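Everything below concerns the one structure shown next.
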Amino acid sequence: MVILRRMAGADLQAILTIQHVSSEAAQWPDAEWQVFLAPGEVLESAKLLMGHCAWVAETEGAVIGFLSALFSGVEIEILNLAVLPAARRAGVASSLLEAALAAARSSGGKRGFLEVRASNAGAIAFYERQGFLPAGRRIAYYAAPVEDALVFSRGL
């Protein structure tokens, strides 16, 4: 059974390991993950969640996937998503994505965004199956190697 929950400090090493074995994921140093350990704030006037948030998927006490996002008013931006290779194709990424989108919806979110490498056909197909549509292109957005990013968007 897979359990989804908010990221905790004790999850950081597992997240870094998943990142390392997932070359298609953004490769962030551990210091960049610290912003996800502070809970987002709710703007009382608008009931909107603001700030960084991350979820993990775990099974039998082991973290097998993660998703990080930025909530900004009525928008959510999916920043990073990866699942251990051995746990892929079992719905873990879909569950993590739906948890993030549900959190955005429940706090008044209206739209989701993300960027994906133009060459990452698997991720593009995944996001399209999840209802995301092409919304633009960012030229030379990624480094190592330099590559365009495709921007995808979806209503919530």
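Read-outs: derived from the displayed coordinates by stated rules, not from any lab. Keep in mind the model is a prediction, meaning the values are calculated, not measured. Positions of Cβ are generated from backbone atoms using ideal geometry, with glycine treated the same way; all protein chains shown enter the neighbour counts.
Worth a mention:
- Think of it as helices only: each DSSP H run of n ≥ 4 in the chain is worth -39500 (n - 2.57), and spread over all residues that comes to -6500 deg cm²/dmol at 222 nm.
- The chain: most fluctuating residue of GLU24, GLU77, GLU32 per GNM, C-alpha cutoff 10 Å: GLU32
- From least to most packed, judged by other beta carbons within 10 angstrom and beginning with the fewest, ILE139, ILE15, ILE64 follow the order ILE139, ILE64, ILE15.
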